[in-house]
Amino acid sequence: MEKTQLTGRIVTPDDPDYEMARTNNNLSFPKFPKILVFCRNVGDVVNALKWVQENRVPFRIRSGRHSYENFSLVTGGLVIDISEMNAITYDQENMTVKIEAGANLGLVYPRLWEHRSTIPAGTEKGEFVGTASSLRALVRPLTDIGSPTKIVVKEVPYIKAVRFFDEPSGNLPAHRKRSGSFLKRPFPAEAIKTMKHFLENAPNENAAVWNQALGGATRQISPSETAFYYRNAIIAQEYKSTWSHSTEEPQNIRWIEELRKALSKYTNGDYVNWPDRLIKDWPTTYYGKNLKRLQAIKKAYDPSNLFRFPQSIPLPSDHNKR
């Protein structure tokens with residue numbers, strides 16, 4: 001049987017653009033793939049998946065470059081990059097949009113704004129929609145309806161968003177570390193004192209605690225209805241730091257890990273988009289009581305565990321061995 005050939009834009013270590021192609025948003029924990037395939041259609045993705053199976057080569061799938069632990073890269077293996085699959089198709093009549101998984105928010109938000117619409121998504125223009133081949137999302141007009149015939153566009157929030165997205169801090173590659181937790185109730189005085197102590201002794205001026213308010217529509221869906229478990233939390237709290245030189249990495253990582261542990265008695269879990277390779281029981285930490293259902297889905301659709309990385313959903317048997 002003839003072996004599958006890779007298609008799409010192929011980048012290897014011998015190519016002049018290899019360094020740019022392999023570089024993620026996080027410069028720490030560097031990885032050096034043997035091949036990167038920039039797919040331009042579904043056929044390219046299928047060929048890449050067939051190729052890695054036939055050649056028994058480890059692989060990762062990358063839609064954006066915001067894997068804070070660089071799980072979307074693999075040394076010596078193949079990266080299936082879908083960032084060039086970025087078509088955005090707007091349906092004015094049905095108020096829906098079809099977005100390919102490689103379309104980053106820097107493309108999505110301006111495209112939707114042409115129709116004075118948006119979707120609830122991230123805060124950095126380099127973030128991508130996701131790893132599905134496409135999605136159909138409800139599009140909410142940014143309007144006030146004064147009467148059935150009069151629509152007033154809210155322009156000010158959009159202007160603020162543009163300025164926010166122009167800030168380079170979250171979009172330029174840098175040495176980074178992230179972790180986090182959820183708060184179900186306001187911090188007591190002792191927890192605030194602890195957090196204050198860590199911030200006063202931070203390794204640099206970029207080390208911070210970032211709180212994102214939850215509640216509202218988040219709680220309209222039961223924690224068991226989707227993979228996101230922490231719908232009853234009031235805050236998603238991120239511990240973050242960036243630094244300039246690799247020699248600063250140990251103290252920054254240590255600061256974040258010690259901060260997370262010191263506040264753990266007041267918090268729950270961690271947000272899977274702020275992965276932390278140092279969390280021991282990360283499956284439960286990320287997914288809570290939804291883990292078993294996610295494992296059942298994994299077993300049904302990927303029983304051979306083809307799609308895996310250091311913190312992918314484990315098969316039930318693998319998790320029991322932990």
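The values are calculated or read from the model by the stated rules, or taken from the named source; none is laboratory data. Small disclaimer: the values here were computed from a predicted structure and weren't measured. Using ideal geometry, Cβ is built from the backbone for each residue, glycine included, and neighbour counts are taken over all protein chains shown. To get the accessible areas, we keep the full protein, side chains included, count just its heavy atoms, and leave off ligands, DNA and RNA. Shrake-Rupley method; radii C 1.70, N 1.55, O 1.52, S 1.80 Å.
Per DSSP H run of n ≥ 4, the term is -39500 (n - 2.57); total these for the chain, divide by its residue number, and report the mean residue ellipticity at 222 nm rounded to 500 deg cm²/dmol.
On the way: 9 runs with 88 residues, N = 322.
After summing the helix terms and dividing by the residues of the chain, the value is -8000 deg cm²/dmol.
What's the center-to-center distance, using Cα atoms, between the range 259-276 and the range 1-39 in Å?
Result: 33 Å between the Cα centres.
For the ranges 289-298, 62-71, 183-192, what's the packing order if you count other beta-carbon atoms within 10 Å of each residue, average per peptide, and put the highest first?
Going from most to least packed, we get 62-71, 289-298, 183-192.
Can you list residues from other chains, or at least 5 along the same chain, whose modelled amide H is less than 5 Å from the amide H of S117?
It is L142, by chain and number.
Shape verdict for the range 28-74, please, from the Cα gyration tensor: rounded (a/c under 1.5), prolate (a/b greater than b/c) or oblate.
Verdict is oblate for the range 28-74.
Which order do you get for E127, E257, E54 if you rank them by accessible area with a 1.4 Å probe, largest at the top? Numbers along the way, then the final one.
Values: E127 45, E257 15, E54 75 Å².
The ranking, largest first, comes out as E54, E127, E257.
What pairs in K31/K292; K240/K261; K193/K240; K50/K177; K31/K261; K125/K265 have C-alpha atoms more than 25 Å from each other?
Values: K31/K292 31 Å; K240/K261 14 Å; K193/K240 19 Å; K50/K177 34 Å; K31/K261 28 Å; K125/K265 34 Å.
As for pairs spanning more than 25 Å Cα to Cα, those are K31/K292; K50/K177; K31/K261; K125/K265.
Say we join alpha carbon atoms closer than 10 Å with springs in a Gaussian network model of the chain; which of S241, S222, S83 then has the biggest fluctuation?
Taking springs between Cα atoms under 10 Å, the residue moving most is S222.
State the Kirkwood hydrodynamic radius of the range 195-264 in Å, one decimal place, computed from all pairs of distinct Cα atoms. Don't jump to the answer; show the numbers that get you there.
Working: mean 1/r = 0.0718 Å⁻¹.
Its Kirkwood hydrodynamic radius stands at 13.9 Å.
Under the classification rounded if a/c is under 1.5, otherwise prolate if a/b is larger than b/c and oblate if not, where does the range 168-322 fall, given a ≥ b ≥ c as square roots of the Cα gyration tensor eigenvalues?
oblate
With a 1.4 Å probe and every protein chain left in place, tell me how much accessible area E19 has, in Å² to the nearest 10.
Answer for E19: close to 90 Å² accessible.
Please list, in chain and number order, the residues 5+ apart from I234 or on another chain whose amide H is under 5 Å from its amide H, with Hs placed from the backbone.
Residues meeting the amide H criterion: L183, K184, R185.
Could you estimate the translational diffusion coefficient of the chain from the Stokes-Einstein equation, with Rh from the Kirkwood formula over C-alpha pairs, at 25 °C and 0.890 mPa s, in whole µm²/s?
Translational diffusion coefficient: 112 µm²/s.
Using each residue's phi in the range 113-121, evaluate 6.51 cos²θ - 1.76 cosθ + 1.60 at θ = phi - 60° and report the 3J(HN,Hα) Karplus result to the nearest Hz, with x for Gly and Pro.
Residue by residue, the range 113-121 yields 5, 4, 9, 6, 9, 7, 10, x, 8 Hz.
What relative contact order, as a whole-number percentage, does the chain give when Cα pairs under 8 Å and 6 or more residues apart are counted? Write out the running numbers ahead of the final one.
Details: 568 pairs, mean separation 44.5, N = 322.
Rounded, it is 14 percent for the chain.
What residue among I80, I221, I234 has the largest mean-square fluctuation in a Gaussian network model of the chain, using Cα springs under 10 Å?
I221
Take D281 and A191, extend 7 Å from each Cα along the Cα→Cβ direction, and tell me the distance between the two endpoints in nm.
Result: 1.9 nm between the two label points.
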